[in-house]
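Colleague: Below are the structure tokens for one structure; questions will follow.
The values are calculated or read from the model by the stated rules, or taken from the named source; none is laboratory data. Fair warning: this is a prediction, and the values are worked out from it, not measured in the lab. Here the Cβ is made from the backbone with ideal geometry for all residues, glycine too, and neighbour counts use every protein chain on show. When the accessible area is computed, the model is the full protein with side chains, heavy atoms only, and any ligands, DNA or RNA have been set aside. Shrake-Rupley method; radii C 1.70, N 1.55, O 1.52, S 1.80 Å.
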Amino acid sequence: MISELRQAGVIGVLDDHFARVLRRLVPRTPDEVLGAAALVSHLAESGHVCLALRDYAGRAIRDDQDQPLGNRWPRLEAWATALRKSDLVATGDDPTPRPLVLDDQDRLYLYRFWLHEQQLARRLLARLDAAPPVLNEPLLLDGLSRLFGPPVGTTSAAAPGDGQRLAAALALTRRLCVITGGPGTGKTSTVVKILALLLEQAQAEAQALELTLLAPTGKAAARLSASIKEAKSRLDCAPDLRSAIPDGAMTIHRRLGVRRSATTPFWHNADNPIPTDVVLVDEASMVDLALMSSLVAAVPPDARLILMGDREQLASVAPGSVLAELCNAGETPGYSQALLDRLESQTGDRPEAVRVDQAPPATSGIWDSIAHLTHSFRFGAQSGIGALARAISAGDADAVLAVLDDDRHPDVQRVEPGSDKGRAALVAAAVTAYTPFAAGGGPVERLEALARFRVLCAHRAGPSGVGDVNLAIAEGLRGAGQLVPDGRWYEGRPILVTANSYPLKLFNGDIGVLLPTAEGSLRAHFVDPEGQTRTFAPARLPDHETVFAMTVHKSQGSEFDDVVLLLPDHPSRVVTRELLYTAVTRARRNVTLHSSPEVLREAITTRTDRASGLRDLVWTQVP
């Protein structure tokens with residue numbers, strides 16, 4: 001069976017090898033067990049944490065072109081029974097480590113992912129059950145009113161900033177807080193005020209407060225640092241309090257401390273936690289299951305953990321969609337009565353004025369730790385980008401196409417792809433936009449110009465992929481007399497770092513440009529958040545690529561004035577609602593979509609649905 005699955009492209013080489021290793025361990029293992037093992041291994045490459053047997057049981061086995069092979073996966077009861085009888089499979093209540101684990105919902109895991117999921121859920125639930133932080137309530141009420149305005153319950157209608165005030169109240173009164181919202185909803189400004197309130201509480205007790213700011217990539221960390229620096233400069237507070245707010249963020253990997261040759265991957269873990277009182281994680285949607293599990297393990301139990309991000313964005317490349325699952329895909333019930341009573345007594349807030357989606361549960365849980373910011377301060381009522389993002393998020397294909405065709409929204413438009421005219425329009429737009437970058441100047445000026453525009457692609461390969469598009473744009477700039485893109489390294493080549501280099505302090509997502517020094521030697525120039533230029537010989541750089549165009553996944557954590565999104569000519573499993581939303585919300589000013597209506601409709605109805613049990617663990621259980 002394994003050979004047939006491999007030949008048909010149902011599984012890959014590594015999946016085939018994994019199944020064969022298992023057969024050597026237990027020679028008489030049935031084919032249905034080995035097939036499940038190979039399939040769960042293959043699904044992990046697509047971001048799934050587990051194999052939900054119900055999604056495959058009894059269905060036709062399909063090849064890599066989605067064509068049926070003529071045979072079927074086993075029926076659910078027989079498949080689950082064979083797995084439970086296998087010496088290779090542990091059940092959820094069996095503590096013995098085995099290569100595979102089958103839970104009581106017929107979800108099959110690779111052991112390491114099952115362990116990460118269980119440990120993460122257990123530690124998150126423990127935070128919800130922990131005693132609430134001790135607060136100076138009069139000081140908190142004064143600070144909330146000063147920074148956010150009066151309590152929600154004192155006004156007849158919820159103001160745009162009420163969600164931010166509620167988010168701050170939750171962050172101050174809970175050990176775990178999830179703040180989610182789209183671009184321009186004020187997540188960063190809210191967090192800066194939260195940090196100020198926490199520092200006020202500490203100063204009132206003459207205590208030191210250690211604050212840790214983290215992001216999943218170097219680019220996201222730099223952007224968080226810059227955003228906090230800007231937001232705190234506008235904060236209405238005492239100068240000493242403003243200066244005490246940190247603005248230096250780092251990557252999660254760097255703060256945990258990578259141990260490449262050890263049995264445990266990080267220096268900081270449950271036995272050696274990070275010495276901190278508050279951990280803030282930005283762009284949490286990009287954090288995969290394994291990394292989030294390691295991070296939460298390393299956060300002291302009595303510290304506050306604040307996760308911030310957009311639940312509608314693409315999930316991490318690695319297995320897991322933690323933020324979306326914690327937010328229950330947006331289906332959040334009302335707050336529990338216990339939380340309502342406590343918030344009203346401590347902060348004067350009446351959160352039911354903000355969120356009354358469903359009747360509140362009787363018992364507190366993860367739902368009491370989620371704040372969803374909905375009011376966009378960036379995109380007004382007339383903004384095409386805002387309207388487009390809302391329509392995509394709602395899954396309304398008709399509304400998406402209507403916005404793109406509406407002359408009242410000149411900031412968004414659609415171009416028919418595939419034709420020579422469409423490709424010529426793409427290259428011409430890119431050449432015009434990148435001319436200020438290519439025309440000259442120092443590294444700072446060049447990189448600032450580069451950051452104003454970006455072509456985003458759904459795929460890496462193919463006619464609409466990053467590789468071909470980068471070549472086409474480079475040739476377009478050559479034809480315009482702006483660049484001479486000869487060889488691997490040339491003057492004016494923009495580069496995107498794709499692997500972390502801790503010795504060089506260059507990280508995945510960093511963007512630089514190749515320019516000659518005063519002596520004439522070509523160097524890669526990067527500008528740090530402080531505006532300082534760092535240079536490297538090209539041969540020393542970690543893995544990198546040209547970045548006139550980049551994938552939508554790589555664009556997460558970035559923003560540009562103008563964005564061109566290039567979709568393939570035919571529907572693709574990669575092109576989902578989350579990918580469209582992420583691409584559109586990278587733009588501040590204009591969005592151009594190169595896509596047919598058919599591909600757009602298919603994408604909007606295709607959701608990123610990764611198999612996992614985390615949502616059930618944190619939403620159906622209470623601490």
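Colleague: Calculate the tail of P(r) for the range 440-502: the fraction of all Cα-Cα distances greater than 18 Å, expressed in %. Could you put the intermediate results ahead of the total?
Modeller: Values: 911 of 1953 pairs.
The share of Cα pairs beyond 18 Å in the range 440-502 comes to 47 percent.
Colleague: So which GluC sites (Glu not before Pro) in the range 254-337 are both in a DSSP loop and have at most 15 other Cβ atoms within 10 Å of their Cβ?
Modeller: Loop-located and lightly packed - E331.
Colleague: Taking trypsin sites (Lys or Arg not before Pro) that fall in a DSSP loop and have at most 16 other Cβ atoms within 10 Å as cut points, what is the longest piece of the chain between them?
Modeller: That would be 76-233.
Colleague: Treating the Cα atoms of the range 186-306 as identical point scatterers in vacuum, please give the log10 of the normalised Debye intensity I(q)/I(0) at q = 0.14, 0.23 Å⁻¹, two decimals.
Modeller: -0.60, -1.36
Colleague: What does the accessible area of D129 come to, in Å² to the nearest 10, when a probe of 1.4 Å is used?
Modeller: Counting only protein heavy atoms, D129 exposes about 100 Å² to solvent.
Colleague: Could you check the spin-label model distance between A78 and D406? Points 7 Å from the Cα along Cα→Cβ, value in nm.
Modeller: 5.4 nm
Colleague: Could I ask something else about it? Note the direction-averaged projected area, equal to a quarter of the hull surface, for the Cα convex hull of the chain, in nm².
Modeller: 30.3 nm²
Colleague: For the range 87-144, what are the per-bin percents of Cα-Cα distances with bins 5 Å wide, up to the bin holding the maximum?
Modeller: Whole-percent P(r) values from 0 Å outward: 4, 16, 18, 13, 10, 8, 6, 6, 6, 8, 4, 1, 0.
Colleague: Taking every pair of Cα atoms in the range 262-346, average 1/r, invert it to obtain the Kirkwood radius, and report Rg/Rh to two decimals.
Modeller: My calculation of the ratio gives 1.04.
Colleague: Quick one: longest stretch of the chain between exposed loop chymotrypsin sites (Phe, Trp or Tyr not before Pro), exposed meaning at most 16 other C-beta atoms within 10 Å and loop per DSSP?
Modeller: Answer from the scan: 1-266.
Colleague: Using a 1.4 angstrom probe with every protein chain in place, what is the largest-first accessible-area order of H553, H594, H48?
Modeller: Heavy-atom accessible area, descending, gives H553, H48, H594.
Colleague: Turning to a different aspect of this structure: With viscosity set to 1.567 mPa s at 4 °C, what whole-number translational diffusion coefficient in µm²/s follows for the range 1-142 from Stokes-Einstein and a Kirkwood radius over Cα pairs?
Modeller: So the translational diffusion coefficient is about 77 µm²/s.
Colleague: If you stretched the chain out fully between N328 and N272, how much longer would it get, using 0.36 nm times the residue separation minus the C-alpha to C-alpha distance?
Modeller: 17.1 nm
Colleague: Give a quick list of GluC sites (Glu not before Pro) in the range 524-623 that DSSP marks as loop, anything other than H, G, I, E or B, with at most 13 other Cβ atoms within 10 Å. Please list the in-between numbers first.
Modeller: Values: sites: E530, E545, E559, E578, E598, E602; in loops: E530, E559.
Here the GluC sites (Glu not before Pro) that fit, given the DSSP loop and packing criteria, are E530.
Colleague: Please work out the average accessible area per residue across the chain, using the 1.4 Å probe convention, and give it in Å².
Modeller: 43 Å²
Colleague: Can I ask one more? Quick check: convex hull over the Cα atoms of the range 160-201, volume per residue in Å³, rounded to an integer?
Modeller: 62 Å³
Colleague: On the full set of protein chains, 1.4 Å probe, figure out the accessible area of L541 and give it in Å² to the nearest 10.
Modeller: So the heavy atoms of L541 present about 20 Å² to solvent.
Colleague: Also, I was wondering about something else. Using the structure shown, list the pairs from K219/K421; K187/K229; K421/K554; K232/K554 with a Cα-Cα distance above 23 Å, or answer none.
Modeller: With Cα atoms farther than 23 Å apart: K219/K421; K421/K554; K232/K554.
Colleague: Give the span of the range 57-114's Cα atoms along each principal axis, as three whole-Å numbers ordered largest to smallest.
Modeller: That works out to 39, 22, 19 Å along the principal axes.
Colleague: Which percent of the accessible area of the range 512-623 is formed by carbon and sulfur heavy atoms (probe 1.4 angstrom)?
Modeller: On the way: 1990 of 4510 Å².
C and S atoms contribute 44 percent here.
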